[in-house]
Amino acid sequence: MPSLIERLAQDLAKLIDQKLTLLKIEVNEEVSAYLRGSIAILAGVVVAVVGFALVNVALAFGITVLVSAVDISQPARYALGFVITGVGYLMLGAIVIVIAKNRLARQGVVPRRTVQELKRDKEWLEKEI
């Protein structure tokens, strides 16, 4: 009987060890997959940022062509095109910031349910005392 219990304990320890080894392997595989995916996403973001920058430069040059009727030097036209593009993005960014701020203000940061539970607890304590 003692030998059977000892063998059972050894088998159980071996089983747990195998399960932990399998878990480690699976976790490592998952982490590797997420890491590879994250690197691919990062590469895509870099390419998209470069594309976005080139589109903005093209937009600025396009605006420069539109203001070519203005009687200023060519470098000043380029500067005006880039300034107009920059101001446009500043206004767009400000609009997005204001909208996001208003949404956050409406949402509030106080956890309402927790506050309600605390009020109920306070009322209960006051009644009990």
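What follows draws every value from the coordinates through simple rules; no lab data is involved. Since the structure is predicted, the reported quantities are computational estimates derived from the model, not experimental observations. We place every Cβ from the backbone using ideal geometry, glycine too, and count neighbours over all the protein chains shown.
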Query raised in the report: What is region 2-128's relative contact order, in percent, from Cα pairs under 8 angstrom and six or more apart in sequence?
Result: 15
Report summary line: Unit-weight point scatterers at every alpha-carbon of region 1-50, Debye formula, q = 0.14, 0.32 1/Å: log10 I(q)/I(0) is -0.57, -1.01
Report summary line: Charge dipole of region 2-128 built from unit charges on the beta carbon (Lys, Arg +1; Asp, Glu -1), centred at mean Cα; most positive-end Cα among Val27, Gly62, Ala43 is Gly62
Query - Residue-wise HN-Hα coupling along region 34-48, computed from phi with Karplus coefficients 6.51, -1.76, 1.60 (Hz; x: Gly, Pro) - result: 5, 5, 4, x, 5, 5, 5, 5, 4, 4, x, 5, 4, 5, 5
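What shape does region 2-128 have by the C-alpha gyration tensor, where a ≥ b ≥ c are the square roots of the eigenvalues, rounded means a/c under 1.5, and otherwise prolate means a/b greater than b/c and oblate the rest?
Details: a/c = 10.10, a/b = 1.70, b/c = 5.94.
Oblate.
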Query raised in the report: When ranked by the protection proxy of mean other Cβ atoms within 10 Å per residue, highest first, what sequence do the peptides 95-107, 76-88 form?
Result: 76-88, 95-107
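Per residue of the chain, what 222 nm ellipticity follows from adding -39500 (n - 2.57) for every DSSP H run with n ≥ 4, rounded to the nearest 500? Working shown, then result.
Values: 3 runs with 116 residues, N = 129.
Here the helix-only value at 222 nm equals -33000 deg cm²/dmol.
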Report summary line: Placing each pseudo-label 7 Å from Cα in the direction of the beta carbon, Val55 and Ala40 end up separated by a distance in nanometres of 2.3
Query raised in the report: Between Ile97 and Thr21, what length comes free when the chain is fully extended (0.36 nm per residue of separation minus the Cα-Cα distance, one decimal in nm)?
Result: 22.5 nm
